[in-house]
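Quick notes on the structure that follows.
The values are calculated or read from the model by the stated rules, or taken from the named source; none is laboratory data. As the structure is a computational prediction, the values presented were derived from the model and not from experiment. So basically every Cβ, Gly included, is an ideal-geometry build from the backbone, and we count neighbours across all protein chains shown. Calculation scope for accessible area: heavy atoms of the full protein, side chains included, ligands and nucleic acids excluded. Shrake-Rupley method; radii C 1.70, N 1.55, O 1.52, S 1.80 Å.
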Amino acid sequence: MLAYQHAYHAGNFADVHKHLTLFAVLQYLLRKSSAITYVDTHAGRGLYPLEAEETQRLREYRQGAAAVWAAREALADDPLLAAWCERLGDAQSGASTLSHYPGSPWWLANDCREQDRLALFELHPGEATHLEAQVLPPQARRQHADGLAGIRALLPPATPRFCALIDPSYERKQEYTDVAATLQAVAAKVRHAIVMIWYPLLPSGRHHDLLTAARRSGLRKLWRSELTLHPPGEATHGMYGSGMLLLNPPWGIDTQLNASLARVASCLGDTASHASQWWVPE
């Protein structure tokens, strides 16, 4: 099933959660010069004009990137959020208004050095065509292919370090356990891999299939972060929250993200909140 197109949801609160987490990890990795292989299993278009017809239909960015962008001066005392907002500003072509929201290929490409490698997978034919049109560094390889199969084919990587973002649309229920199996496969081949998994919080509670499978896999050092717009009991349909599960998160990043995501939640409304826990400790 390939119905999902992220343009309808670009810049929503889940994107802020996902890409702030990704940005924090990247800043940590860049402290060392050794080469990194980055993998984005469900890359999407790379850059989303907020005035596009699809994005304007739901305008989810208003309770997401636009809300944080509007509060950026008040958030300037938070080093992570200040740096993230500054980088988001780079995607606006010098304008002070928020006209575009960058997807994960853009965030990854901006920190991809000459010695690094970037593999971008996108299975949806329309989204893959849009991704081909994006300007990316020569180290980036775009593949119109299944990302969960693609990441396994890249193992073990040729570089000393490995970092992956896995964020399917979860259109199929099976994807929750498929992602958990992929996580286990990556960890088996690359012991110190940093893997970030995004998952939606829906009234159906399907994300527990992923979390339970990850816990039962025997993996260690799994950190879980959830940003919610309102308590789950108030949701009858649609996504009420966004989750991130990190394997081998860099030291101290849990504390850093806890502080910054609490500030993000304050921008999203009175009922929004952030919570985290070590799902499986070291």
Scanning the stretch 231-245 for residues that are of a type in the set (A, V, I, L, M, F, W, C) and out of contact with any Lys or Arg (no Cβ under 8 Å at 6 or more places or on another chain), the one modelled with the highest pLDDT turns out to be Met239
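Which one of Asp209, Asp146 is open to solvent by 30 Å² or more (accessible area, probe 1.4 Å), in contact (Cβ under 8 Å) with a residue 12 or more places away in the chain, within 18 Å of Met239 (Cα to Cα) and among the acidic types (Asp, Glu)? Spell out how you get there, then give the answer.
On the way: Asp146 fails: within 18 Å of Met239 (Cα to Cα).
Among Asp209, Asp146, only Asp209 is open to solvent by 30 Å² or more (accessible area, probe 1.4 Å), in contact (Cβ under 8 Å) with a residue 12 or more places away in the chain, within 18 Å of Met239 (Cα to Cα) and among the acidic types (Asp, Glu).
Open to solvent by 60 Å² or more (accessible area, probe 1.4 Å), free of Cβ contacts under 8 Å to residues at least 60 places away in the same chain and not in a loop (DSSP other than H, G, I, E, B): is that true of Glu114 in this structure? Working first, answer last.
Working: open to solvent by 60 Å² or more (accessible area, probe 1.4 Å): yes; free of Cβ contacts under 8 Å to residues at least 60 places away in the same chain: yes; not in a loop (DSSP other than H, G, I, E, B): no.
Against the criterion (open to solvent by 60 Å² or more (accessible area, probe 1.4 Å), free of Cβ contacts under 8 Å to residues at least 60 places away in the same chain and not in a loop (DSSP other than H, G, I, E, B)), Glu114 does not qualify.
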Considering only strands (runs of 3 or more DSSP E) fully contained in the stretch 165-282, which possess at least 1 residues that are closer than 21 Å to Leu75 by Cα and among the β-branched types (Val, Ile, Thr)? 222-228
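Does Thr97 satisfy the condition of being open to solvent by 10 Å² or more (accessible area, probe 1.4 Å), among the hydroxyl-bearing types (Ser, Thr, Tyr), in a loop (DSSP other than H, G, I, E, B) and more than 19 Å from Lys18 (Cα to Cα)?
yes
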Could you grab me the full set of residues in the stretch 127-163 that are under 19 Å from the mean Cα position of the chain (by Cα) and of a type in the set (Val, Ile, Thr)? Ile151
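Considering only the stretch 74-94, state which residues are in contact with a helix residue (DSSP H, G or I) (Cβ under 8 Å, 6 or more places away or on another chain) and either open to solvent by 20 Å² or more (accessible area, probe 1.4 Å) or charged (D, E, K, R) (or both). Can you show your working first?
Start the filter on the stretch 74-94 by keeping residues that are in contact with a helix residue (DSSP H, G or I) (Cβ under 8 Å, 6 or more places away or on another chain), which leaves 75-76, 78, 80-81, 83-85, 87-88, 90-91.
Result: Ala76, Asp78, Ala83, Arg87, Asp90.
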Take the residues in the stretch 149-170 that are open to solvent by 20 Å² or more (accessible area, probe 1.4 Å) and among the small types (Gly, Ala, Ser), then tell me which one is farthest from Ser33 (Cα to Cα). Ser169
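Could you list, in sequence order, all residues of the stretch 213-223 that are open to solvent by 30 Å² or more (accessible area, probe 1.4 Å) and either on the phi < 0 side of the Ramachandran plot or touching a strand residue (DSSP E or B) at 6+ places or on another chain (Cβ under 7 Å) (or both)? Don't jump to the end; show me each part of the working.
Just the residues of the stretch 213-223 that are open to solvent by 30 Å² or more (accessible area, probe 1.4 Å), to begin with: 213, 215-216, 218, 220-221.
Hits for the stretch 213-223 are Ala213, Arg215, Arg216, Arg220, Lys221.
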Boolean, Val280 is among the β-branched types (Val, Ile, Thr), open to solvent by less than 50 Å² (accessible area, probe 1.4 Å) and closer than 25 Å to His9 by Cβ: no
Kindly indicate which of Ala149, Ala109, Ala145 is within 22 Å of Leu20 (Cα to Cα), in contact with a strand residue (DSSP E or B) (Cβ under 9 Å, 6 or more places away or on another chain) and of a type in the set (Gly, Ala, Ser). Ala109
Scanning the stretch 171-191 for residues that are hydroxyl-bearing (Ser, Thr, Tyr) and open to solvent by less than 20 Å² (accessible area, probe 1.4 Å) gives Tyr176, Thr182
When only residues in the stretch 237-277 that are under 21 Å from Asp209 (Cβ atoms) and without any contact (Cβ under 8 Å) to a residue 40 or more places away in the chain count, which is most open to solvent (accessible area, probe 1.4 Å)? His237
